[in-house]
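Visitor: One structure, as structure tokens, below. Some questions next.
Laboratory data are not the source of any read-out in this text; all were calculated from the coordinates shown. Keep in mind the model is a prediction, meaning the values are calculated, not measured. No Cβ is skipped: glycine too gets one built from the backbone with ideal geometry, and neighbour counts run over all protein chains shown.
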Amino acid sequence: MPAPRAPTRIQRKNRATILEAALDVFSRSGFRGSTVDQIAKAAGLSKPNLLYYFPSKEAIFNELMAGLMDSWLDPLRRLDADGDPLEEILAYVQRKLQMSRDFPRESRLYANEIVQGAPRLHGVIAGELKDLVEEKTALLQSWMDAGRINHAHPKHLLFSIWSLTQHYADFDAQVRLLMGDEDPFDAAPDYLETLYRRMLTPQS
């Protein structure tokens, strides 16, 4: 059987255009509130042309989420057991905050899916994400038990980091209205570093 042909430059461009348009549509309306027609219009393509590349809304969403989950898990994967515990956690906080700044649509896409009960992400959350969280909370607990950082519930520590960093993307409209002319990302890095440094630094 001959090997499948590699996609042409035009085909790669059109797929990328569709995924970019779908990211905009899904991040605003969630999976349920989005349609193939909306995505095709945002991509500047006809619906039949879009369906040539992706057979359904589900196929587009699944491809977007596959790339998103790999990127989303990477900052936590980089928490290094051989590093200084406090500096590793602070660096993780800053990586998560930077992702909210650089990838707000992806953050809102993920949040919309979770709010809907994670019907299309249940397997990933119950599998790869849960395994990674178990691994890293065990590492956090070992640092706490050794007295290298203050004691805190390790999973709630991760939840708080996710909440405080992803808030800037998921509630962007509210944050920017309340901040006025001030860019919320100007002061957020120092604020979060001070918060977690004070919380986790052991008392001498």
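Visitor: Which ³J(HN,Hα) values in Hz, rounded to whole numbers, follow from the phi angles of the stretch 102-118 under the Karplus curve 6.51 cos²θ - 1.76 cosθ + 1.60, where θ = phi - 60° and Gly and Pro get x?
Guide: Values per residue, Gly and Pro as x: 8, 10, x, 5, 5, 5, 5, 4, 5, 4, 4, 5, 5, 4, 7, x, 6 Hz.
Visitor: Taking the Cα centre of the chain as the origin, how large is its charge dipole in debye, to the nearest 20, when only Lys and Arg (+1) and Asp and Glu (-1) carry charge on their Cβ atoms?
Guide: 980
Visitor: Quick check: Cα centre of the stretch 186-204 to Cα centre of the stretch 90-162, how many Å?
Guide: Cα centroid of the stretch 186-204 versus Cα centroid of the stretch 90-162: 18 Å apart.
Visitor: Go ahead and run the numbers for FRET between LEU139 and PHE185, Cβ-Cβ distance against an R0 of 30 Å, rounding to 0.05.
Guide: 0.60
Visitor: Non-local amide H neighbours of ALA152 (under 5 Å, H modeled in plane, Pro and chain starts lacking H): which ones?
Guide: Those qualifying (amide H under 5 Å, at least 5 residues apart or on another chain) number zero.
Visitor: Using a 7 Å offset from the Cα along the Cα-to-Cβ direction at both ILE114 and ASP24, what is the distance between the two label points in nm, to one decimal?
Guide: Rounded to a tenth, the inter-label distance reads 2.6 nm.
Visitor: Note the listed values (1) 16.9; (2) 17.4; (3) 19.1, then indicate which one is Kirkwood radius over Cα pairs in Å calculated from this particular structure.
Guide: The calculated read-out lines up with (3).
Visitor: Using θ = phi - 60° and the Karplus form 6.51 cos²θ - 1.76 cosθ + 1.60, what ³J(HN,Hα) does each residue of the stretch 80-88 get, whole Hz, x for Gly and Pro?
Guide: 9, 4, 8, x, 6, x, 5, 5, 5
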